[in-house]
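Trainee: What follows is a single structure, and I will ask about it in a moment.
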Amino acid sequence: MIKLKGIAVSSGVVIGKAFCIRKEEFVIPKIRINYEDISREIYRLEEALIDTRKEIVTIQEKISKELGFTEAKIFEAHLLVIEDRLLIEDVIKRIKKERVNVEFAFSESIKKYIDILSKLEDDYIRERVVDIEDISKRVLRRLLHHSPSKYELKEKMIIVAHDLSPSETAYLSKSNILGFVTDIGGVTSHTAIIARSLSIPAVVGLEKATTHIKGGETIIVDATQGVVIVEPTSSSLRYYRKKAKEFFKSTKLIHIPKSAKAITLDGREITVSANIEIPEELPLVEKFGAEGIGLYRTEYLFLGKKSLPSEEEQYRAYVNVARRVKPYEVIIRTIDIGGDKFLSRPEVPVEITPFLGSRAIRFCLAKPEIFKIQLRAILRASSERNVKLMFPMISGLEELLLTKKLIRECEEELREEGKSFDEKISIGAMIEVPSAALVADTLAKESNFFSIGTNDLIQYSLAVDRGDEKVAYLYEPAHPGVLKLIKNVIDAGQRNNIWVGMCGEMAGEPIFAFLLLGLGINELSMSPPLIPRIKELIRKVKFSYACEVAKEVINLSTPREIEKKLQEALKNVLKEDFAKIIGV
Ligand code: PEP
Ligand code: MG
């Protein structure tokens, strides 16, 4: 079994056969031409460009009908390339000056074009290189008289490719695509854009997917974690089949107005916000009625990149999210590199136990020169007045104090440079290490809020690797040990007058959301599609009842007893059809 790690860009879990699309290679001949052949070669260029233009317009119309106007707009970048006078003149100049055939001249000019764009700092522009490669293939195919490749999917399969160009995607029969897996690409690559608009699970940037995966073999795509499994064992197949079923169930929607508040029948209100990994998820935040962003993971800016993102690039990303989420707030979490989120750069040490190694805040404090760039970018974005700052993997007071010292240094620098930021920015600690949960009272005195990260808190307190399906049966959110840690954090927050939220996956599970309500949580942050059901659940119960149940549950001895009690308690007060939808 081989486990590949990439970037999840469109959520979901699927198991299926791989359909491999190999990178198309052209052999470009270099032929010396005579002076009298120059006009013929230029004519061939013009003809190829006109025909390619017609071809693109036809595809654009097809996509527009199938997917809508926004996706069809992708092809405008193609049209701009073949209409670019500078490019065309460069090709003609080569033909005339170097006396070479049009295929060679064209491919050389395109290489220069791509080289310039690849060096630009802007991610979006860099990812447009795929457009240029795609269009150049089309033009070259015409010049070399190749026929366009057509891909026919006769059954439901997972597409595996180095990268997918828009026109390759256009040729695919969408109804038979189970998932997308690519070697390269980022969050704004075409595969990602198309996958999201089709709601097809996709993991990109796996680096060697096409080397490891053979056409026709069964693979698992877990696009909730950015994982692809090749040659799966029967136990991992069993585990992921269950996970796929659960994911499917969780996407069944409950329709309540977006503006509906999460208020219990007796008037207790909590905030229900969204977790996002990439800004492309912002439309979902709005669509599902999130009251802000409770966890904005920033690793996507760092993973799968040749160089670290600059302050400017980060600032633009953060300020864009802050503006889009208004009038609500966004909690930006500083990078959580290490563990299962690797950075393929020498700054990151390779460790045998990365989850217990130089991960998250530990890595950042060891590399202040990298960390301060992110802190400055977030602080600058805070001038929008709706940004909060949060740190992952805080294990004790000293880390928090060191982090705050670095913030003060960045603030001082920004003041000197005359750059504005929110002088009263809220600073919060993620509580995801058991020691932090136990010393929550001390940490609360130095924090404006807490957000409990149960994905890690559970793995660290139960000593169960969160990504290892062999021990997945031991990963128990309802373990009394875990619940006692959570209660300790919420109580400490109340004693010290700071709010406490939860951004781990547990927050989006109905029985636990009910328990957390009863324990006194102030905010629950989750994947956007889960929001309506949790809001609706809160609206259908009494706070006093949730408190009563929580008091009883916290003293039970096993996860089984605890889950059973919570299920029963909800069944007692919810109508049968709603209880069924939310799985109780
Ligand atoms: C968590 O640990 O619960 C959490 C939300 O952070 P991540 O899943 O990014 O580690
Ligand atoms: Mg975590």
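The values are calculated or read from the model by the stated rules, or taken from the named source; none is laboratory data. All values reported here derive from a predicted model rather than from experimental measurement. Virtual Cβ from ideal backbone geometry, glycine too; neighbours counted across all protein chains shown.
Trainee: Tally up the residues in segment 316-373 that are part of a strand (DSSP E or B) and modelled with pLDDT of 95 or more, please.
Mentor: So the count comes out to 4.
Trainee: If ILE452 satisfies every condition in (1) modelled with pLDDT under 95; (2) within 9 Å of ligand 1 (Cβ to nearest atom) but one, which is the exception?
Mentor: Here ILE452 clears every test but (1).
Trainee: Here's a follow-up. What are the residues in segment 293-315 that are within 16 Å of ligand 1 (Cβ to nearest atom), crowded, with 21+ Cβ neighbours inside 10 Å and modelled with pLDDT of 90 or more, if any?
Mentor: Residues satisfying the conditions are ILE293, GLY294, LEU295, TYR296, THR298.
Trainee: Answer with yes or no whether GLY493 is in contact with a strand residue (DSSP E or B) (Cβ under 6 Å, 6 or more places away or on another chain), at pLDDT 95 or above, assigned to a helix (DSSP H, G or I) and of a type in the set (Gly, Ala, Ser).
Mentor: Judged against the criteria, GLY493 is a match.
Trainee: Another question, if that's okay. Would you call LEU198 surrounded by fewer than 22 Cβ atoms within 10 Å (Cβ to Cβ), modelled with pLDDT of 85 or more and within 23 Å of the chain's Cα centre (by Cα)? Before you say what the answer is, go through the steps one by one.
Mentor: Numbers: surrounded by fewer than 22 Cβ atoms within 10 Å (Cβ to Cβ): yes; modelled with pLDDT of 85 or more: no; within 23 Å of the chain's Cα centre (by Cα): yes.
No: the conditions fail for LEU198.
Trainee: Okay, next question. Does LYS484 meet the test of being within 24 Å of GLN567 (Cα to Cα) and part of a helix (DSSP H, G or I)?
Mentor: Yes: the conditions hold for LYS484.
Trainee: Ok, one more. So which strands (runs of 3 or more DSSP E) are wholly in segment 168-271 and hold at least 3 residues that are farther than 21 Å from LEU530 by Cβ?
Mentor: Because the criterion is at least 3 residues that are farther than 21 Å from LEU530 by Cβ, the strands (runs of 3 or more DSSP E) in segment 168-271 that meet it are 177-182, 218-222, 227-230.
For (1) crowded, with 17+ Cβ neighbours inside 10 Å; (2) touching a residue at least 40 places away in the same chain (Cβ under 8 Å), each residue gets a yes or a no:
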| residue | (1), (2) |
| --- | --- |
| GLU398 | no, no |
| LEU401 | no, yes |
| GLU409 | no, no |
| LEU414 | yes, no |
| GLU417 | no, no |
| SER420 | no, yes |
| LYS424 | no, no |
| ILE431 | yes, yes |
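Trainee: Turning to a different aspect of this structure: Return the residue satisfying two criteria in turn: it lies in segment 475-493 and is hydrophobic (A, V, I, L, M, F, W, C) and within 16 Å of ligand 2 (Cβ to nearest atom), and of such residues it is nearest to LEU516 (Cα to Cα).
Mentor: ILE486
Trainee: Whether any residue in segment 479-494 is within 25 Å of the chain's Cα centre (by Cα), surrounded by 23 or more Cβ atoms within 10 Å (Cβ to Cβ) and not aromatic (Phe, Trp, Tyr) is what I want to check.
Mentor: No, the conditions are met nowhere in segment 479-494.
Trainee: Right, next: Using the structure shown, decide if GLU509 is free of Cβ contacts under 8 Å to residues at least 60 places away in the same chain, closer than 20 Å to PHE449 by Cα and within 16 Å of ligand 1 (Cβ to nearest atom).
Mentor: Details: free of Cβ contacts under 8 Å to residues at least 60 places away in the same chain: yes; closer than 20 Å to PHE449 by Cα: no; within 16 Å of ligand 1 (Cβ to nearest atom): yes.
It is false that GLU509 is free of Cβ contacts under 8 Å to residues at least 60 places away in the same chain, closer than 20 Å to PHE449 by Cα and within 16 Å of ligand 1 (Cβ to nearest atom).
Trainee: Of ASP123, ASP134, which residue is among the acidic types (Asp, Glu) and buried (at least 20 other Cβ atoms within 10 Å of the Cβ)?
Mentor: Every option except ASP134 fails the conditions.
Trainee: Within segment 385-427, take every residue that is among the aliphatic types (A, V, I, L, M) and within 16 Å of ligand 1 (Cβ to nearest atom) and give me the one that is farthest from SER447 (Cα to Cα).
Mentor: For segment 385-427, the residue satisfying everything is MET393.
A quick yes/no check of all residues on (1) closer than 18 Å to GLU133 by Cβ; (2) aliphatic (A, V, I, L, M); (3) outside the structural domain of SER189 (by TED's automatic domain parsing); (4) surrounded by 19 or more Cβ atoms within 10 Å (Cβ to Cβ):
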position: VAL57; (1), (2), (3), (4): no, yes, yes, no
position: ILE63; (1), (2), (3), (4): no, yes, yes, yes
position: GLU66; (1), (2), (3), (4): no, no, yes, no
position: ILE74; (1), (2), (3), (4): yes, yes, yes, yes
position: GLU89; (1), (2), (3), (4): no, no, yes, no
position: LYS93; (1), (2), (3), (4): no, no, yes, no
position: PHE104; (1), (2), (3), (4): yes, no, yes, yes
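Trainee: Still on this structure, I have one more. Could you look through segment 398-410, keep only residues that are away from ligand 2 (no atom under 16 Å from the Cβ) and charged (D, E, K, R), and pick out the one that is farthest from GLU505 (Cα to Cα)?
Mentor: In this case the residue turns out to be GLU409.
Trainee: Give the residues of segment 454-474 that are more than 15 Å from ligand 2 (Cβ to nearest atom) and either in contact with a Phe, Trp or Tyr (Cβ under 9 Å, 6 or more places away or on another chain) or not β-branched (Val, Ile, Thr) (or both), sorted by residue number.
Mentor: ALA463, ASP468, GLU469, LYS470, ALA472, TYR473, LEU474
Trainee: Sticking with this structure for a sec: Return the residue satisfying two criteria in turn: it lies in segment 523-548 and is under 27 Å from MET430 (Cβ atoms) and of a type in the set (Val, Ile, Thr), and of such residues it is farthest from the chain's Cα centre (by Cα).
Mentor: It comes out as ILE538.
Trainee: Hey, another quick one. Tell me, which residue of segment 411-432 that is of a type in the set (A, V, I, L, M, F, W, C) and more than 24 Å from LEU524 (Cβ to Cβ) is nearest to ligand 2 (Cβ to nearest atom)?
Mentor: PHE421
Trainee: Quick check: anything in segment 463-478 within 27 Å of GLU552 (Cβ to Cβ), in the same structural domain as SER383 (by TED's automatic domain parsing) and more than 16 Å from ligand 1 (Cβ to nearest atom)?
Mentor: The answer is yes, given that some residue of segment 463-478 is within 27 Å of GLU552 (Cβ to Cβ), in the same structural domain as SER383 (by TED's automatic domain parsing) and more than 16 Å from ligand 1 (Cβ to nearest atom).
Trainee: Here is a further query. Just to check your reading of the model, which residue among SER395, SER435, SER451, SER383 is part of a helix (DSSP H, G or I) and within 16 Å of ligand 2 (Cβ to nearest atom)?
Mentor: On the way: SER395 fails: part of a helix (DSSP H, G or I); SER451 fails: part of a helix (DSSP H, G or I); SER383 fails: within 16 Å of ligand 2 (Cβ to nearest atom).
None of the other options fit; the residue is SER435.
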